[in-house]
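Participant: Quick one: the structure is below, questions incoming.
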Amino acid sequence: MSEPHWSVVIPAFNEAARLPRYLEEVIAYLVSRGEPWEVVVVDDGSSDGTSDVVRAVATRRREVRLLRQPENGGKGAAVRAGMLAARGVARLFADADGATPIGELKRLEAALASGADVAIGSRAVSEAGVVVRAHRHRMIAGRVFNAVAERLGLAGIHDTQCGFKAFTAAAANDLFSRLATAGFGFDVELLLRARARGWRVVEVAVNWDDQPSSKVGVLKDGPWMLWQIIAARRRVAREDARR
């Protein structure tokens, strides 16, 4: 099989209901581009039929691969496994719910083509023709979370948590090999490391539509995510001091 131009990594935990539609959309979009591609779905220890869904698709599309984690290790751990297993010249991770349409990849691709090493989808950057539909409580919680992230070293980045981020192969291999945060706060550690290691990060407005049955709860996960990013900031600072 030819080296993929794009690898799309989809972390999935109990996504048997939502994954099929988005997976088919991703495949159709990549096929339409007319270049080698691959999709890596990382089943993060699901107890439903998530793996069965992927296996069924993989029987007819050899470009689709399943990585099965033996137990639920967290979104950060799942994305890390997928990105390090990917072979693409450029690599995107995207949430299984399809909140960001796969066609938005072209916006991130333009940023990489213009010299970015990391292009992150953003729901906080305004651009003509871009529409973000989100519940009010999630928008407020997101602003609070990102205000904390900015104070911890990510000034100028307005949305750290959008699950639609692209990397050059070199940046992906470097950053994900060092990633230690296994949970939902992993994005912040990635961006902190990108800045510390001199990778160019560009924030790109993308269309986004809030999906039902979100895996992240504001009250349930918010405090733990804040602790994760504080711990990540300390970890990255210690490593910088030793360099």
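The values are calculated or read from the model by the stated rules, or taken from the named source; none is laboratory data. None of these values were measured; they are calculated from a predicted model. Don't worry about glycine lacking a Cβ; one is built from the backbone with ideal geometry, like all the others, and counts go over all protein chains shown.
Participant: Say whether the condition of being of a type in the set (S, T, N, Q), surrounded by fewer than 17 Cβ atoms within 10 Å (Cβ to Cβ) and either modelled with pLDDT under 85 or farther than 20 Å from LEU112 by Cβ (or both) is met by at least one residue in the stretch 212-223.
Facilitator: Yes - at least one qualifying residue is present in the stretch 212-223.
Participant: Ok, one more. Return the only residue of ASP44, ASP52, ASP97 being over 21 Å from ALA119 (Cα atoms) and surrounded by 15 or more Cβ atoms within 10 Å (Cβ to Cβ). Explain how you work it out, then say what you get.
Facilitator: On the way: ASP52 fails: surrounded by 15 or more Cβ atoms within 10 Å (Cβ to Cβ); ASP97 fails: over 21 Å from ALA119 (Cα atoms).
Sole residue among the options that is over 21 Å from ALA119 (Cα atoms) and surrounded by 15 or more Cβ atoms within 10 Å (Cβ to Cβ): ASP44.
Participant: Quick check on this structure: which one of LEU84, LEU112, LEU66, LEU105 is assigned to a strand (DSSP E or B) and not hydroxyl-bearing (Ser, Thr, Tyr)?
Facilitator: LEU66
Participant: Out of curiosity, is ALA170 surrounded by fewer than 15 Cβ atoms within 10 Å (Cβ to Cβ) and at pLDDT 90 or above?
Facilitator: yes
Participant: Among the numbered criteria (1) over 19 Å from ALA172 (Cβ atoms); (2) without any contact (Cβ under 8 Å) to a residue 24 or more places away in the chain; (3) not acidic (Asp, Glu), which single criterion is violated by ALA113?
Facilitator: The failed condition is (1).
Participant: Suppose the filter is modelled with pLDDT of 95 or more, within 21 Å of ARG200 (Cα to Cα) and surrounded by fewer than 16 Cβ atoms within 10 Å (Cβ to Cβ); does LYS106 pass it?
Facilitator: Yes: the conditions hold for LYS106.
Participant: Something else about it: Determine which single condition GLU35 fails, assuming it passes every other condition in (1) part of a loop (DSSP other than H, G, I, E, B); (2) acidic (Asp, Glu); (3) more than 25 Å from ALA170 (Cα to Cα).
Facilitator: Tallying (1) part of a loop (DSSP other than H, G, I, E, B); (2) acidic (Asp, Glu); (3) more than 25 Å from ALA170 (Cα to Cα), GLU35 fails exactly one: (3).
Participant: Also, I was wondering about something else. Within the set of pairs 6 or more residues apart or between chains, which connect a residue that is free of Cβ contacts under 8 Å to residues at least 12 places away in the same chain and in a loop (DSSP other than H, G, I, E, B) inside the stretch 4-29 to a residue that is surrounded by 24 or more Cβ atoms within 10 Å (Cβ to Cβ) and not acidic (Asp, Glu) with Cβ atoms less than 8 Å apart?
Facilitator: none
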